[in-house]
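Each reported figure results from applying straightforward, stated rules to the coordinates on display, with no laboratory input. Nothing here was measured: the structure is a model prediction, and the numbers come from that model. FYI the Cβ positions are ideal-geometry reconstructions off the backbone, even for glycines, and counts take in every protein chain you see.
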Amino acid sequence: MHGSKAASVEEALTHIRSGQTIMLSGFTNVGSPNKFIVKMAEAGITDIDLISNDAGNDHTDGIGTLICQHRVRRLTASHVGLNPKVAEQMNAGTLEVVLVPQGTLAERIRCGGTGLGGVLTPTGIGTVVAEGKQVIQVDGRDYLLEKPLHAEVAVVKAWKADTSGNLVYRRAGRNFNPLMAMAADFVIAEVEELVEVGQLDPDEVMTPGVCVDLVVKL
């Protein structure tokens with residue numbers, strides 16, 4: 001079909017390079033592009049500046065795969081406790097870890113996708129989270145200025161897509177996916193089911209195809 005965004009894994013991988021800032025969606029492997037991540041590791045992608053909600057686990061699936069294989073140099077996430085390899089590598093000085101409160105992480109990604117200059121939040125005031133950040137007072141209350149997060153590539157996971165890249169998520173699998181699909185220069189969607197244009201109910205589309213560059217059925 002003319003204009004189809006459907007692609008093979010091999011084609012999609014040509015748009016990812018070592019050393020890039022990459023967003024990977026998911027919430028402890030739910031709504032995470034686990035199969036594509038394995039392909040990234042097999043392709044030798046390394047030295048990743050990774051933005052994700054969490055670090056997965058220490059098993060050989062999902063985001064944890066990249067951590068366990070030492071393919072991530074910097075991790076920005078809200079939760080890393082399920083993957084002990086993160087602490088090991090951080091203490092060894094081989095992995096830089098930036099912890100961000102989960103709500104703040106979501107808002108920073110949203111800002112990156114919508115072109116906002118940042119978000120003001122009271123979360124972190126008076127804690128180590130505030131170190132080095134600008135404090136702005138509004139109506140007598142202090143807020144941290146949290147700057148936008150943006151990536152060169154985002155890999156998201158959807159339940160279903162059409163060949164124009166319109167995405168439908170399923171239940172809790174939505175999580176960070178819609179936000180990340182807006183906050184990167186190039187967006188790849190791993191999907192379970194791929195249909196032709198016109199076969200999706202428009203009311204069910206959660207990420208429009210304009211945000212997606214390639215769709216890979218795995």
Spin-label point model (7 Å from Cα, Cβ direction): what's the Lys147 to Asp185 distance in nm? 1.7
Give the relative contact order (percent, whole number) for the chain; include only Cα pairs under 8 Å separated by 6+ residues. 23
Run the reach check for Lys160 against aspartates and glutamates, Cα to Cα strictly under 17 Å, same-chain hits fewer than 8 apart removed. What comes back? Glu190, Glu192, Glu193, Glu196, Asp201, Asp203, Glu204, Asp213
Burial-style ranking of 164-175, 89-100, average other-beta-carbon count within 10 Å with highest first, yields 164-175, 89-100
Hey, what number do you get for the chain at 222 nm if only DSSP H runs of n ≥ 4 count, each worth -39500 (n - 2.57), divided across all residues, to the nearest 500? -5500 deg cm²/dmol
Suppose a student asked you for the relative contact order of segment 1-63, using Cα pairs under 8 Å spaced at least 6 residues apart; what percent would you report? 39
Can you tell me the dipole magnitude for segment 77-218 around its Cα centre, using point charges on the Cβ only (Lys, Arg +1; Asp, Glu -1), in Debye to the nearest 20? 340
Spin-label model distance (nm) - Glu192 vs Arg74, 7 Å beyond Cα toward Cβ: 3.5
For an R0 of 41 angstrom, estimate the FRET efficiency from the Cβ-Cβ distance between Asp61 and Asp139 and round to the nearest 0.05. 0.30
Chain lengthening between Ala130 and Ala43 when straightened (0.36 nm per residue, less Cα-Cα): 27.5 nm
